[in-house]
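Novice: Below is a structure I'd like to ask you about.
Nothing in this text is a laboratory measurement; each read-out follows from the coordinates by a stated rule. What you are looking at is a predicted structure, and each value in this text was computed from that prediction instead of being measured. Please note: Cβ atoms are built from the backbone with ideal geometry, for glycine as well, and neighbour counts cover all protein chains shown.
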Amino acid sequence: MDNGNEVKVERVTLDAYAEQLAAAFAAGGLTPDQLCGLGEADLLRIPEGKVFHDPADNVRAFWVLLEGEVYADKAEPDGSKHRIYVARPGDSFGEVILLAGMASSIYLEAAQPSLGLRLNEATFWNLMSCCPPVRKVVMSNMKQRLQAHMAEAMHKEKLISLGTMAAGLMHELHNPGSAAKRAASQLRGNLERLQELSLRSSSKAKTQAQLECMHDLLKHAVRSCQAPALSSLEQSDAEEAMSEWLDAAGVENAYKIGPALVAIGFEQSELECARDAFVDGSLSDALNWLEALVSSVSLVCAIEESVTRVSDLVMAVKKFAYDDRCTLRNVDVHDSIQSTLTILGHKLRQRQISVTKHFDAAQPTINTTGVAISQVWTNLIDNAIDASTDGGEIEVKTWTEPGFLVVSIGDHGSGIPEELRERIFDPFFTTKPVGKGTGLGLEIVRRIVTQNFGGKIEIASQPGLTQFVIRLPQASVVAA
């Protein structure tokens with residue numbers, strides 16, 4: 001075998017290598033005499049380490065390795081490569097590119113000195129049409145390789161989704177963690193103020209009227225974290241009126257404690273008892289003490305809200321992670337959608353996109369062993385975010401039809417051109433820029449909905465509105 005650095009190419013007839021080809025396609029029952037007169041091929045003598053096929057060559061061919069070992073590496077959009085196949089003597093490859101009519105994206109490199117046959121397209125198609133044993137092996141190989149490729153691509157798609165979620169979760173967990181830390185720091189200061197005011201007040205005896213008034217005010221202060229929501233104008237007017245009332249009553253820090261009392265829902269009429277009961281000049285201390293308590297309650301509420309947010313995020317991830325369990329169970333579709341929105345919340349806020357939910361009042365559960373329903377919502381909502389303009393809106397609706405629970409996810413982007421709608425569920429078809437999508441997201445959605453759940457998916461699109469409508473059977477479905 002030539003040990004030079006260049007590939008040696010020789011034109012040969014298939015008849016000359018009939019024995020080796022018969023062995024390579026023995027699974028199909030090929031005999032040497034069946035190759036008589038079926039054409040020619042290039043015989044390549046390839047030195048170790050030589051890349052003998054490059055996608056840039058724009059050559060499509062069918063290969064049969066006679067000796068040695070060959071690495072097949074796929075070129076990725078980001079310029080990297082990953083190994084998809086190692087060919088050994090008797091292996092054939094290249095049929096997927098020819099049968100699918102695709103451009104080659106494969107680099108071939110000899111792992112050791114190798115000898116192989118390269119059949120051009122015309123010879124390949126001649127073999128396929130005239131030689132059933134070859135056709136049988138080629139189609140079997142293509143099926144296996146497409147299945148392996150789909151499994152790998154789907155795994156990659158899920159890893160991309162998990163990576164996106166992980167990045168978002170880091171952002172999501174940072175915000176409530178920082179808020180809880182700030183609130184705890186401020187709470188320490190409030191407790192010091194409460195202690196100081198309590199010590200100052202404890203030296204003075206309290207009348208029954210004072211005790212009853214403070215008891216009522218304390219009950220109000222601790223009963224809830226927030227007052228009913230007010231508009232910005234109403235809030236401002238209420239804070240100004242409360243601060244002026246406190247200032248007129250001679251309360252110290254009136255314009256500081258007024259907004260805090262309004263925030264917790266206090267009105268001037270509720271504080272009248274304090275003004276009437278604390279007539280000995282202690283009204284200021286009493287209301288400042290009340291404000292310190294109110295602020296402390298608000299800070300505890302803020303900490304509780306932050307911890308709840310962290311807990312909700314963890315629960316959302318847990319639900320997503322355990323979505324693959326194949327046991328028969330009730331799936332709460334609303335809960336599943338909300339978990340997905342929680343996980344994608346950072347992306348929605350980053351783009352200032354609002355989500356309008358119109359959920360059916362009926363219990364939105366389906367009894368099923370179908371898996372990965374969260375991945376359906378993740379892919380569709382993520383696509384809707386990408387299609388929306390900054391400050392846009394996404395609509396999520398659910399309703400019931402006889403035997404079905406229906407979910408609609410819509411965006412107000414530019415829409416999907418009519419000529420592309422029939423292809424959007426095809427594997428590897430994407431309208432996103434190179435490197436931004438695998439082209440498998442919607443194919444996975446279609447497969448999960450139709451095969452795992454026995455449901456249906458439809459699309460309606462026009463400029464300014466695109467809707468994906470999913471119908472899921474409410475009866476039990478056995479996952480494929």
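Novice: Of 136/156; 50/74; 143/456; 50/81; 181/256; 156/456, which ones are farther than 21 Å apart at the Cα? Could the numbers behind the result be given before it?
Specialist: Working: 136/156 30 Å; 50/74 16 Å; 143/456 26 Å; 50/81 16 Å; 181/256 23 Å; 156/456 25 Å.
Table pairs above 21 Å Cα-Cα are 136/156; 143/456; 181/256; 156/456.
Novice: Separate question: Once each part is reduced to its C-alpha centroid, what is the distance from region 391-413 to region 7-86 in angstrom?
Specialist: 51 Å
Novice: May I pose another question? Name the GluC sites (Glu not before Pro) in region 46-92 that are in a loop by DSSP and that have at most 15 other C-beta atoms within 10 Å, would you?
Specialist: On the way: sites: 48, 67, 69; in loops: 48.
Qualifying residues, ordered by number: 48.
Novice: Further question: Which order do the peptides 248-258, 111-121 take when ranked by the mean count of other beta-carbon atoms within 10 Å per residue, highest first? Working shown, then result.
Specialist: On the way: 248-258: 16.8, 111-121: 19.2.
Put in order of decreasing packing, that is 111-121, 248-258.
Novice: Another question, if that's okay. In whole Hz, what ³J(HN,Hα) sequence does region 102-116 give by Karplus (6.51, -1.76, 1.60; θ = phi - 60°), x for Gly and Pro?
Specialist: My calculation for region 102-116 gives 9, 6, 6, 10, 10, 9, 10, 9, 6, 7, 8, x, 10, 10, x Hz in order.
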